[in-house]
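Throughout, read-outs are computed from the coordinates displayed, never taken from laboratory work. Everything numeric in this text was worked out from a predicted model, so none of it was measured. Methodologically, a virtual Cβ is constructed for each residue, glycine included, from the backbone with ideal geometry; neighbour enumeration extends over all protein chains shown.
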Amino acid sequence: MSIKWVGKIVLFFFLILLQVWVFNRIHLFGMATPLVYLYFILCLPSSMNRNPVMFLSFVLGLFIDAFSYTLGMYAIAATIAGFSRIYSLNLFVPRDMPNEYIPSVKSLGFASYFKYAGSIVLLHHMVYFFVESLSLFDPVGLFLRIAGSFFLSMIVILAFESINSDIFKK
């Protein structure tokens, strides 16, 4: 097993523990909760096939569901985020990129990375909060929860990206 996969495994479990122990307890103004475990999905190599990405996304969501006592809400949202990842890469990454790269601000540039990460995080949050509410009874509250959580999650993800060491980028 190469050092890059050991780093990915460490990142996988670190983000699960951080999400469950720290970020799930943050509810800014009772609306915004950062869901930053998506950073693992965002950091997977671009050449990775969709099936392993979806499997890893599902397992990531399942672990967080198990520790958060939610009934598959994280798993379904993370799986859909993993599924949409290839479309987001194709849509927002420049065509002159090499075949194999790790999506990051360093490799894509800030604007492309923000669009790539933002589209996945926004889709994930929409699915998660729709599944959590199970109705459109309060559309304004639902919109505020999605928007607030999106902005808070993107701030934390961009902070992680700015301090990320080279062990996860190789």
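In the elastic network of the chain, a GNM with C-alpha springs shorter than 10 Å, the most mobile of ASP65, ASP138, ASP96 is ASP96. Helix 73-92 axis versus longest C-alpha principal axis of the chain: approximately 50°, rounded to the nearest ten. Of the chymotrypsin sites (Phe, Trp or Tyr not before Pro) found in the stretch 75-170, the ones in coil according to DSSP and having at most 10 other Cβ atoms within 10 Å of their Cβ are PHE137.
Helix 139-163 and the longest principal axis of the Cα set of the chain meet at an angle near 30°. Given axes a ≥ b ≥ c from the Cα gyration tensor, I'd like to know whether the chain is rounded (a/c under 1.5), prolate (a/b larger than b/c) or oblate. Prolate, because a/c is 1.5 or more and a/b exceeds b/c.
Any idea what angle helix 3-21 forms with the longest principal axis of the chain, computed on alpha-carbon atoms, 0 to 90 degrees, nearest 10? Orientation of helix 3-21: about 10 degrees from the principal axis. Computed extension gain for SER135 through LYS115, at 0.36 nm per residue and net of the alpha carbon distance, reaches 4.4 nm.
For the pair the stretch 21-79 and the stretch 80-140, the centres of their Cα atoms are 13 angstrom apart. The mean sequence separation of alpha-carbon pairs under 8 Å and at least six residues apart, normalised by the residue count of the stretch 3-168, gives a relative contact order of 29 percent.
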